[in-house]
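Since the structure comes first, as structure tokens, the remarks are kept for the end.
The values are calculated or read from the model by the stated rules, or taken from the named source; none is laboratory data. Owing to the predicted nature of the structure, the values given are computational and were not obtained by experimental measurement. Neighbour counts run over all protein chains shown; Cβ positions are idealised from the backbone, glycine included.
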Amino acid sequence: MSNNPVADFYTAIADHYDAQFHDETDEDRQDDLEDMAEQVADLMRGHTVLELGCGTGFWTDAIAETAESVLATDISEAMLEVAREHGQGLENVRYRVVDALNLPGDLGKFTAVFAGFLWSHFKKEEQDAFLAGLRARIGKDALLVIIDDVYVEGASPTIARTDAQGNTWAQFVDADGVRHELPKNYPTDSALRKRLGTAVREIKIGRGEFCWALTCRLK
């Protein structure tokens, strides 16, 4: 176990994480994800992309269809192992273990950054650190695309509590039935604009039934 409970949870479910992207019993969410994937592919066309929190590679596949190149990263080696298996044959994709909150200085140059289902697991102070790290390592004018979950009553993880900083914490269950309490924030559009406004420009937000997408440029 590490000192990062979010990373520990996703390492524990790495072999089962993909199921959510192929759940034929939830057609509405699958349609939402497919629509988002098409939008991501269009947005990343021709870009040199840094993907943060790539998980098992669902979004990586979509990005690789149109991007010039992709560095797919995740803090969990177990997740990356699955992503590498799924990404066999993607000649424009490389994989690397990276902590999105502590970006190394040797990542290279990128024209776009993508983060799928990562932002909501950051506590508010970590969101600020994430944006500061991107500005320091990637630089101004890079395209930033963030996709994350909309709260859906009865379908989203159960909210356990809200802390003094306004972060919501939810209950997640791993493949062994062990419960994990993790930060899981569901921001409004106005909260997103306020949070990102000092670090980015040209914010655009779209929402589906199950996911929201934000595009902007780093200042």
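Summary of values
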| item | result |
| --- | --- |
| Inter-residue pairs, beta-carbon under 6 Å, first without any contact (Cβ under 8 Å) to a residue 40 or more places away in the chain and in the stretch 192-215, second of a type in the set (Asp, Glu) and not in a strand (DSSP E or B), 6+ apart | ILE205/ASP189 |
| The stretch 84-105: number of residues that are modelled with pLDDT under 95 and closer than 29 Å to LYS124 by Cα | 1 |
| Failed condition for ALA164, given (1) more than 16 Å from the chain's Cα centre (by Cα); (2) under 16 Å from ASN4 (Cβ atoms) | (2) |
| Criterion: free of Cβ contacts under 8 Å to residues at least 24 places away in the same chain, outside any strand (DSSP E or B) and on the phi > 0 side of the Ramachandran plot - qualifying residue of GLY177, GLY166 | GLY177 |
| Single residue of ALA155, ALA160 found to be hydrophobic (A, V, I, L, M, F, W, C) and in a loop (DSSP other than H, G, I, E, B) | ALA155 |
| Any hit, the stretch 193-204, residues being in a loop (DSSP other than H, G, I, E, B), basic (Lys, Arg), under 17 Å from the mean Cα position of the chain (by Cα) and over 24 Å from GLU38 (Cβ atoms) | no |
| Hey, ARG135 basic (Lys, Arg), out of contact with any helix residue (DSSP H, G or I) (no Cβ under 7 Å at 6 or more places or on another chain), surrounded by 12 or more Cβ atoms within 10 Å (Cβ to Cβ) and within 30 Å of ASP31 (Cα to Cα) or not | no |
| Wholly within the stretch 31-130, strands (runs of 3 or more DSSP E) carrying at least 1 residues that are among the aromatic types (Phe, Trp, Tyr) and closer than 18 Å to LEU218 by Cα | 112-116 |
| Test: residue in the stretch 139-154 that is over 24 Å from TYR17 (Cβ atoms), of a type in the set (Gly, Ala, Ser) and modelled with pLDDT of 95 or more | yes |
| Single residue of the stretch 91-132 satisfying the filter (in contact with a strand residue (DSSP E or B) (Cβ under 8 Å, 6 or more places away or on another chain) and among the basic types (Lys, Arg)) that is surrounded by the fewest Cβ atoms within 10 Å (Cβ to Cβ) | LYS109 |
